[in-house]
């Protein structure tokens, strides 16, 4: 039996196209400064002079690091050039990746609206100018929750760029949550441009949701909840103001929270929809039906139950058409494609999860063969 | 299809909602604007006494209402008193999952001044 599984793996990894819904590029103040409007370029130039810290730059990636350093652990990684990214993705067998920022994962809590707008413009210019010519690299535009009307114009500006395939919604510390009607222009623009929106969180201590993570004594506690609770809260927010009903073609993806929370939320929201429909009459069907129709869920950090069949069953509950492989490369908790490829699933299901679902969602042409070669 | 006389029509005025016992089952008889409906008094969700719930209209919100809240179907919706599931009295179908969560409806006729439910 074991031999059969291994033979299947070897037979498949060499010809399965792997599309990665979530990889990260290192967006330093120095890199973005040349692309930034004045006077905020000066702010970035000043920030560029300060020693760089991992996802912890005041005025750029504001977080609140509370832990004392403890020797041991593993190093943080970042990727600085498209060629470096291409080589590293090839090394782990990923053919195509959708790029997200590093530092600007912490974009939503930036309070200065004009600065945030300039920063979003700078990131999108930098992304499209420097990263997307490399084979297999595609971009997610940075949405600016601080100014949704400007952000909608930004989406229109890049809508015709074939290598821009999504809109990234910064989710950590966003206030109000993404279902608020103030963000309608972003959803309308994404829907009109036929670009899916992708929620992505990060661990931070913030007065906005997921608030009170300062109550945990260490990063383990905060990491447990920051991503998954952010996704659950923002999914609930989107449903409870009827975003999928009001934007009937909008497609929504959820990244970096694993997938085991998804069936729980489907069942829980359906149960309370039965009880509270009168408060949310814009829903024409149960929340789980909107999720199964137009929401996608990225695998990383994939759950690792003792019995892998439990995870396969979980994927079935969500629907194998709605699950996207993601590695989160190069971050500390990345998943290698083999973490999914080794699961006891039919080859057709693996092809969908590892690549076909993402190609369809992002409108990426199917490559004729492996870009990454044989992993 | 056994027919049960449940009372004189004067006891079921428009807007009324009455529980009647027919053999071993309990049935809710509703007069919605002069049209009679009868539903089993058992909610398919968790077996609550559906027909003892309040009769109201229901909220609606869609492109047709300009995405503003509207109030529709006044008098046509009964809400189970246990968990709040709303049912369309005229069809027996829940508003949340009309094809999946529903109750049967019994035919009601008025003959010789008497309301009759056919089980």
For this session: Select, from B:56, B:79, the only residue that is under 12 Å from the mean Cα position of the chain (by Cα), within 13 Å of chain A (Cβ to nearest Cβ) and surrounded by 19 or more Cβ atoms within 10 Å (Cβ to Cβ).
Result: B:79
For this session: For the stretch A:243-268, enumerate the residues that are assigned to a helix (DSSP H, G or I), more than 8 Å from chain B (Cβ to nearest Cβ) and in contact (Cβ under 8 Å) with a residue 12 or more places away in the chain.
Result: A:243, A:244, A:261, A:262, A:263, A:265, A:266, A:267
Exercise. Which one of these is within 14 Å of another protein chain (Cβ to nearest Cβ), in a loop (DSSP other than H, G, I, E, B) and without any contact (Cβ under 8 Å) to a residue 24 or more places away in the chain: A:285, A:271?
Worked result: A:285
For this session: Would you be able to say whether some residue in the stretch A:310-326 is more than 14 Å from chain B (Cβ to nearest Cβ), closer than 28 Å to residue A:194 by Cβ, out of contact with any strand residue (DSSP E or B) (no Cβ under 8 Å at 6 or more places or on another chain) and not in a helix (DSSP H, G or I)?
Result: yes
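From the residues in the stretch B:94-117 that are within 13 Å of another protein chain (Cβ to nearest Cβ) and surrounded by 14 or more Cβ atoms within 10 Å (Cβ to Cβ), which one is farthest from residue A:284 (Cα to Cα)?
Among those residues, the one meeting the criterion is B:102.
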For this session: Go through the stretch A:233-242 residue by residue and tally those that are away from every other protein chain (no Cβ under 14 Å) and crowded, with 21+ Cβ neighbours inside 10 Å.
Result: 3
Problem set entry | Among residues of the stretch A:318-348, those that are surrounded by fewer than 20 Cβ atoms within 10 Å (Cβ to Cβ) and farther than 17 Å from residue A:300 by Cα, counted | 4
Exercise. Within the stretch A:67-93, can you find the residues that are assigned to a loop (DSSP other than H, G, I, E, B), closer than 13 Å to residue A:330 by Cα and within 21 Å of the chain's Cα centre (by Cα)?
Worked result: A:76, A:77, A:78, A:79, A:80, A:81
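All of the numbers you see were taken from the coordinates with simple rules; none came from a lab. The shown structure was predicted, so the numbers you read here are calculated from the model rather than taken from an experiment. Every residue, glycine among them, receives a Cβ derived from its backbone with ideal geometry; neighbour counts consider all protein chains shown.
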